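Below is one structure, written out as C-alpha cells; comments come after it.
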Amino acid sequence: MDENVENKSKADRRSKIDKKLLRKQIKSSHILLKHEGISTTSQPSKSLVVANGGLGNGVSREELSAVLTEMGEVETLLMPPHKPYAFVTYRSKEDSRKAHINLNGQKLQCGENSVTMYLSYVDSVPCEQQASVTLPAGLVLVEDFVSAEEEALLLAAIDWSSTHDDVTAQKALKHRRVKHYGFEFRYDNNNVDKDKPLAADLPVECLPVLERCLQKGHIKSMPDQLTVNQYESGQGIPPHVDTHSAFEDTILSLSLGAKTIMEFRHPDGRVVNVFLPGRSLLVMQGESRYLWTHGITPRKFDMVPAFDPLCAAPTTCDLGALNQLTLSKRGTRTSFTFRKIRHEPCCCAFPSACDSQGDPSPPPPPSLPRCRGDAACLEEEYVHRVYNAIASHFSSTRHSPWPRVCHFLSSLSPGSMVADVGCGNGKYLAVNPEVISVGCDRSSTLVQICADRGFQALVSDALCVPLRTATCDACISIAVIHHFSTPERRLAAVKELVRLLKPGGRALIYVWAFEQEYNRQKSKYLKDHNSSAGDNISEERHQPYGSPSTHVENNVEDCRNKRPADDKLSVHTNRTAFNSQDLLVPWHLKEVKGKCKKVSKDPCLNSSDSKKSPHSILDSNHESEHPVFHRYYHVFQQGELERLCALVEGVKVLSSYHDQGNWCVILEKHSGKQNS
C-alpha cells in the first residue's frame, strides 16, 4: 500500500513537471512567433528551433553541437548572429523526436553561465545567407605568417616587467599597455616627434619577419617604427586612422597570441569585420590605410568563424555566412604594428581625411535638416553612432528608474503587454514583473546589454517598430523623441507609439525640457552645475516634481517656426540653462571604478584628423583623458509636447506634467480607433 502511494506521488510530481515544461515550450513558441516571425508546429519534423540556444545569449556552436549530436546525426546547425535561438536539422525524424523529448527543459552549461533549452518542431529552416563582405581596398590578410616558434621569440623579446620605461616609452593606457620602438607615437597630438628618436631600435627578433615582408612584396623598405600593444581579455582600441603626416603608406600589423575581430568602417557607414587569427599578418595600404577607420571593440567574447564538421571551412574574412559562426572567449593578444616615418607631407588620394592636405580651417557646425535625408544623416552621426560608441559608459550611468515612470508601469494590470521604445540598457524592462515587457533600441550595443541582463529586446528604429498594430496595452518612450531632428519625425515617433497600442491602451512620453527652472525651482541638472560627478546628463537621478500643464495648440508649423535664424547647431555648455531648442550636448567618456568604457563603432574617431572642431561627433583624439562626443537634442518648450500629441488622430492627452527637467504626457488611444 505504501509503495502504491509513493508511486502515485511520484507520478503526480512527474505530471506537474511535464505540465510546467509544456507551458514553457508554448510560451517560447509564442515569443518566437511574436518577435521573430518563426512558426512552430506540433507535428514531428526533422528540424527543430532551439530557444535559448543561440549566439545571442552566450551559447557557442561547439557547446550546442555537442549536446545535439548525442541525440543523433545532425545534418545542419544554423546559428544566426546575435539571436537567442538556433535551428538544427537531423538526418531522420526519429533523431529529431529523441532530441525533442530528451533536451526540452534541459540546462546547457556555457562557461560560467547556464541556459535552459526549449525545443519546438519547425516545418522549414531559414536559408537566407548574408552576402559575403569584400575587404576594404588595399587590405590583405596573411594567415600563419609566423611560426609558433617565431611567435614565442617575438613575445619573449618584449619585457613588460617595468611599469614605465623611457627607452621604449612604455605606457599603461586605458585600453591596453603599449611600448614604442624607434620613435614614440604621441597620443596627445596623434603624431611622432621625428627629431627625437628613441634609444630603443626595433628588436632584432623582428628582422627575419620584416625581411620576409620585403621578399613577399608587402613592403618596399624596412620600417623604422614599432608599436607593441598588449590587450587583455575584454580590452580593445577605439576606431582610428593612423595619422597620414606621421607615417608612409604601408602599415603592417602582426597578431600574436589570442585571435580577435577588427572592425573597419568607411565614412559612408559601411562596416567590415575582419577575423584576425593568431600569428596572422594584416597589411594596410591605400584606401584601407588612409580612409577606413579600424578598431577593436572591448568585449569578452567575439563571434568568429566556426571550424567543425557541421560546416565547411569558412574564409577568414567572411563573417556574414549565418551557419559559420561561433563564440570565442578572448585571451591575451599582442600586436606588433610596423610603420615607416614620413618625412614629406602626405599627398594621398584622400584629401578629405588627410591632415597634410585640404583647408586647414575647421569645418562649419552642422545645420538643422531641411529635408528627410538631411535629418536621417544628422541623427545617424550625432545620435546613433554616438550611443553605440558610449553605450557601456552610458549604461553605467543609467541604473535607477525614474519614480513616476515606475508608477505608470506598476499601475498596469498583470499580463499586460508593454513596449519600451528606446529602451537603452533596459532599466525599465524589469520594473513590473507581472507584465510582459519587450524593449527596442536603435543601438545594437545597448540591445546587447539588455540581452546580457536577460531582457527581451531587439534592434529597431523608433519610427518603425517591428511589432503588430494594436498589440500593446501600454508603451513608454523615455528620453527618445527629443533626438529626432524635425517636427515631422517627432510627430511620426508619437504616431508609431499610438499604432502599437490597443484601443484603450496608454503611452507615457518623456522629453527633455527647455525650461530647466520651473515654479522657481531649478532641476537637478542645473543644481549639479559644480558636481564632481562630471558633465554628463544623469537622468536617472531626476526626482518627480511639478504640476500638470495641458496647453494644446494647433500644428507642426508652429514647432518649425522656432528654429534659430541661421539654422546652425551650437554646442551646449553642460549644467547650464539652454539658450536654444536645437543643440549639441557633450558627453564626456570617462572611466568608472577602473573599468574602461567601450568606444565602438564610431567612424569619426580619427587619429589623423588634426582639424577636429567642437562640432564633430568626437572632440578629442582617441587616447585623450576624456573623449567628448556630441549628441543632437531638440529640447521641448512648455506646451510643445501636448501640441505635438494633439496632431495625432484617435488619442487624447490624459495628463501632462514637468518632472525634474522633463516634459511628460500620458496618452490614451480611443476605443475602436485603429491607427495604421
Quiz prompt | Selection count, segment 385-409, where residues are open to solvent by less than 40 Å² (accessible area, probe 1.4 Å), farther than 14 Å from Val585 by Cβ and not hydroxyl-bearing (Ser, Thr, Tyr) | solution = 11
Quiz item: In segment 185-200, which residues are modelled with pLDDT under 90 and under 14 Å from Thr227 (Cβ atoms)?
Solution: Phe185, Arg186, Tyr187, Asn190, Asn191, Val192, Ala200
Practice problem: Name every residue in segment 166-214 that is more than 38 Å from the chain's Cα centre (by Cα) and among the small types (Gly, Ala, Ser), in order of residue number. | Solution: Ala199, Ala200
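Give the number of residues within segment 307-356 that are in a loop (DSSP other than H, G, I, E, B), at pLDDT 75 or above and either within 30 Å of Leu153 (Cα to Cα) or not acidic (Asp, Glu) (or both). Show your work before the answer.
From segment 307-356, those in a loop (DSSP other than H, G, I, E, B) are 307-321, 330-332, 340, 342-350, 354-356; that's our starting set.
Restricting the remaining residues to those that are at pLDDT 75 or above gives 330-332, 340, 342-350, 354-356.
From the residues that got through so far, the ones that are either within 30 Å of Leu153 (Cα to Cα) or not acidic (Asp, Glu) (or both) too are 330-332, 340, 342-343, 345-350, 354, 356.
Number satisfying all stated conditions: 14.
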Exercise. Quickly run through segment 442-459 and pick out the residues that are surrounded by 20 or more Cβ atoms within 10 Å (Cβ to Cβ) and within 24 Å of Val585 (Cα to Cα).
Key: Arg442, Ser443, Thr445, Leu446, Val447, Ile449
Exercise. Please verify whether segment 49-62 includes one or more residues that are more than 22 Å from Leu33 (Cβ to Cβ), in contact with a Leu (Cβ under 6 Å, 6 or more places away or on another chain) and either open to solvent by 20 Å² or more (accessible area, probe 1.4 Å) or assigned to a loop (DSSP other than H, G, I, E, B) (or both).
Key: yes
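The values are calculated or read from the model by the stated rules, or taken from the named source; none is laboratory data. Source: prediction; values computed, not measured. Positions of Cβ are backbone-derived with ideal geometry, glycine not excepted, and every protein chain shown enters the neighbour counts. Note: accessible area is taken over every heavy atom of the protein model, side chains too, but ligands, DNA and RNA are not part of it. Shrake-Rupley method; radii C 1.70, N 1.55, O 1.52, S 1.80 Å.
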